[in-house]
Every structure is written in structure tokens, then in C-alpha cells.
Amino acid sequence: MNELKLSIIIPAHNEEKNLPATVGEVQESLRREKISYEIIIVNDCSSDGTAGVIADMMAADPCVRTIDRTPPGGFGRAIRAGLALVEGDVVIPYMADKSDDPADAVRYYRKIEEGYDCVFGSRFRPGARVENYPRVKLIANRIVNRCIQIMFFCPFNDLTNAFKAYRTEVILDCGPYRASHFNITIEMSLSALIRKYKIAEIPISWYGRTWGSSSLRLSQMGRRYLATLLKVFADRMLISDDLIAERESEHAHMRYEYARNAAKDDAKRDS
């Protein structure tokens, strides 16, 4: 089996204090597991020393890359900018604030190796570990995710969590994405869900921010989540057959190209 290259996308807005530890822990875990990787840090309109921290990381590790965004900022815009640079086979959006666990990123990668197209992490399954989750946001999270489960008849209970893994081909099939903020989390996951990709869900660990404060505001995000949710729900109800047909056609084309290239390689070896 060919080795899969992992692309970690880290949006960073004023994360100079968190980035060194966050990236260092990811590098250590992936190197220990001998996983081929690239880390794409998206400097999302930072006004602190984030750019300098990223420059130091790039000098120390050629697998670290970056892109600087100009206003308007936004988590979704940063993820989209990072996706445009991906060269790997597997993509994982990863938070810059140390809230995600690099050991879980490795577990995601191993599940993809087993043949899954996507791996969703859940902070609310037996075996999960959650620290310092604000109570108001927790209540809102549980209500929103329960509504999504009912609307999409799915067992996954943490679809608003950004920390997931996708094969790059899934990203290409489901995109281009339009969400500009954290609503991209459900745009990505639900777009894969309605196209019936093979999805696994595993319990993960989540830790509250170690420095700084989150810019997420529930009152601002409500309308954005709702807009994305209604759009994908309409796709599911009205054109899911077309989406699935396109996915199957694209996969058939990819299999044909793979077989053709393999035949060419065999012919070259025999000549």
C-alpha cells in the first residue's frame, strides 16, 4: 500500500503564544509514527508576532508552509486558503490553540489507512475527554448537533467540531466551499455525509484554550450555521442523487486513470 501524505491545516489569528507548542507537538507525534506530512499554517490577518513565529518554524522544518491572508478574516476563509495549498492525500484541520490532541490526529490517519474516506472526532462519546468547555457553548453545541442528527438521520453527534480527517479526493468532490467562519465545519462534514462517503467516528480529547480568548460568538454564528445547514439540507432532499452520481463517475474515472498509468509503468519495465 502506498504511503499516504498527511496535510495538517492550522488557521492562526494572533496565536504567537500557542503556535510553537501546538506545531511542535504535532511534529513530534507524526515523526514518531513515521507519517509523511506537511503543516500549512494560515496566518489569518494576525496583528501580533504570529508571522515571525511561522517564519522561524519554516526555517527549522521544510515541511511547514504558510500563506498570509488579508482582511476580511474568518476561520472558514482560512481553511479554504489552506485547502488550496494541500499536496497531501489526507487533510486534517487543526486548531492553533492546543485544544486538539495530536495523538487523535494519528488515530484519524490510521482509520483512513483502514479504508475510511472521513473520520469525525466526537467529544461526546464514551472514551472522550473534555476539559474547560464553557457551559453555555456546551448546551448550544448539544442542541445544534441533536438537530443535525434528526435532520440528516445520522449517528454522528459532534458534527460542528472542526477537528476531522478527510481524504483529499473527498475535499475536491465536495468543494468548493463557501462558508467564511466556523460554519465551514458543518459544510465540510455534511457535504461528505450526503454523498455517502465511508465515515468513521471516534472519541477524542479536547482541551480549553491555554492562552488568549476565542473570537467565536454564538449570536453571530447562529445565522451562519443556519444558512449552511439549510443549504446542505436542501441538497440532501432535492439533488443528492445527482451528487452521488457525480461522485461515482469521478471515482470511476480515477480508477481508469490509475489502471492506465499502472499499465504504462508495467510496459516501461518490460521494455
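Screening segment 87-104 for residues that are in contact with a strand residue (DSSP E or B) (Cβ under 7 Å, 6 or more places away or on another chain) and surrounded by fewer than 21 Cβ atoms within 10 Å (Cβ to Cβ) and picking the one that is modelled with the lowest pLDDT gives Lys98. Just give me the residues in segment 88-137 being within 17 Å of Ile199 (Cβ to Cβ) and hydroxyl-bearing (Ser, Thr, Tyr), in sequence order. Tyr108, Tyr109, Tyr116, Ser122, listed by residue number. Checking each residue in segment 18-38 for being outside any helix (DSSP H, G or I) and out of contact with any Ser or Thr (no Cβ under 8 Å at 6 or more places or on another chain) picks out Glu33, Lys34, Ile35, Ser36. Anything in segment 17-66 that is among the aliphatic types (A, V, I, L, M) and either more than 21 Å from Gly88 (Cβ to Cβ) or free of Cβ contacts under 8 Å to residues at least 12 places away in the same chain (or both)? List them, or say none. Matches in segment 17-66: Ala21, Ala51, Val53, Ala55, Met58, Ala59, Ala60. Evaluation of Ala51 against the conditions (1) more than 24 Å from His181 (Cβ to Cβ); (2) among the aliphatic types (A, V, I, L, M); (3) in a helix (DSSP H, G or I) shows that the sole unmet condition is (1).
The residues listed here are Asn145, Asn141, Asn132; of these, the one that is polar (S, T, N, Q) and at pLDDT 95 or above is Asn145. Going by what's in this entry, would Glu28 be described as surrounded by fewer than 16 Cβ atoms within 10 Å (Cβ to Cβ) and of a type in the set (D, E, K, R)? In short, yes.
Starting from residues that are among the small types (Gly, Ala, Ser) and surrounded by fewer than 22 Cβ atoms within 10 Å (Cβ to Cβ), keep the ones in segment 163-189 and report whichever is farthest from Phe75 (Cα to Cα).
Gly175
Report yes if Ser122 is buried (at least 19 other Cβ atoms within 10 Å of the Cβ), within 24 Å of Asp44 (Cα to Cα) and either over 13 Å from the mean Cα position of the chain (by Cα) or at pLDDT below 95 (or both), otherwise no.
It is false that Ser122 is buried (at least 19 other Cβ atoms within 10 Å of the Cβ), within 24 Å of Asp44 (Cα to Cα) and either over 13 Å from the mean Cα position of the chain (by Cα) or at pLDDT below 95 (or both).
If you go through segment 149-177 and pick out every residue that is more than 20 Å from Lys137 (Cα to Cα), in contact (Cβ under 8 Å) with a residue 60 or more places away in the chain and not aromatic (Phe, Trp, Tyr), you end up with 9.
The values are calculated or read from the model by the stated rules, or taken from the named source; none is laboratory data. Worth saying up front: this structure is predicted, and the values here are computed from it rather than measured. Cβ: placed from backbone, ideal geometry, glycine included. Neighbour counts: every protein chain shown.
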